[in-house]
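S.K.: The structure's right below; bear with me while I get my questions together.
The values are calculated or read from the model by the stated rules, or taken from the named source; none is laboratory data. Because the structure is predicted, anything quoted here is derived from the model rather than measured. For neighbour counting, all protein chains shown are included, and Cβ atoms are generated from backbone atoms with ideal geometry for every residue, glycine included. Surface accessibility is based on the protein's heavy atoms, side chains included, excluding ligands, DNA and RNA. Shrake-Rupley method; radii C 1.70, N 1.55, O 1.52, S 1.80 Å.
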Amino acid sequence: MAGQKVIITGVPGAGKTTVINASMEKIAAERIPYQYINFGSFMFEVAVADGLIQDRDQMRKLDRTAQKHLQKLIAEKLAAIDGNIIIDTHASVKTPSGYLAGLPAWVITTIMPDVIILVETDNDQILVRRLSDESRVRDVEGAKAIAEHQEMNRAFAASCAMLTGCTIKIIVNADSLLDKAVEELTATLR
Ligand code: AMP
Ligand code: MG
């Protein structure tokens, strides 16, 4: 039987990687096999090998054609993977020319996920998290712009559900309620 394919998305600072890491530990302890794949890392490896960029945060500023080409390559790699997988990615990426669908038709129908998870939280919390994250070059945005991005991500995710029949699950990752978010994700993976 084919494995379960889970796509997990959220605006930068929503804390999806944090939630996933904690959840993957629980899943591993229960001996449920899951492969974790970071879409951005895959893309970054290819982009660096092609000499396009040196920094992960330059990727969203690449021209649209280059980004689409990279997306297609990665989607094909992901579709070839057997078993349970969890893909850490973005429903949309903010680029200089507007929102780029992270999961456009030719990507989502290649992957054919069972479920798309949206990790969300309050816009103000995301703003504060971004300001305190020195490991990344986050774009400086106000709470209103973050709200717009979160709204757009719901629209992009809904389009994916219409194309593939996958379900959509919203998980709130509020400050000091990380355990709750982790438990919800773990339950979905089981
Ligand atoms: P992250 O570490 O999750 O913030 O992802 C790093 C970068 O990877 C993002 O800023 C995007 O440039 C790129 N990326 C990740 N997923 C996608 C996707 N599905 N489509 C296009 N770019 C993506
Ligand atoms: Mg991340």
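S.K.: Counting just the residues of segment 15-43 that are under 14 Å from ARG136 (Cα atoms) and either near ligand 1 (Cβ under 10 Å from one of its atoms) or open to solvent by 40 Å² or more (accessible area, probe 1.4 Å) (or both), which one comes out modelled with the lowest pLDDT?
M.R.: Applying the filter and picking the extreme gives THR17.
S.K.: Out of (1) in contact with a Phe, Trp or Tyr (Cβ under 8 Å, 6 or more places away or on another chain); (2) in a loop (DSSP other than H, G, I, E, B); (3) not hydrophobic (A, V, I, L, M, F, W, C), what's the single condition that is false for LYS72?
M.R.: (2)
S.K.: Output the number of residues of segment 1-40 satisfying the condition of being in contact (Cβ under 8 Å) with a residue 40 or more places away in the chain and within 16 Å of ligand 2 (Cβ to nearest atom).
M.R.: Matching residues across segment 1-40 total 23.
S.K.: What are the residues in segment 43-93 that are polar (S, T, N, Q) and touching a strand residue (DSSP E or B) at 6+ places or on another chain (Cβ under 8 Å), if any?
M.R.: GLN67, ASN84, THR89, SER92
S.K.: Name the residues in segment 133-165 that are aliphatic (A, V, I, L, M), open to solvent by 60 Å² or more (accessible area, probe 1.4 Å) and in a helix (DSSP H, G or I), would you?
M.R.: Result: MET152, MET162, LEU163.
S.K.: Between a first residue in segment 87-115 that is closer than 17 Å to ALA66 by Cα and aromatic (Phe, Trp, Tyr) and a second residue that is within 16 Å of ligand 2 (Cβ to nearest atom) and assigned to a strand (DSSP E or B), which pairs have beta carbons less than 9 Å apart while being 6 or more apart in sequence or on different chains?
M.R.: TYR99/SER92; TYR99/VAL93
S.K.: Among the residues of segment 166-190, which ones are among the acidic types (Asp, Glu), surrounded by fewer than 14 Cβ atoms within 10 Å (Cβ to Cβ) and touching a strand residue (DSSP E or B) at 6+ places or on another chain (Cβ under 7 Å)?
M.R.: Residues satisfying the conditions do not exist here.
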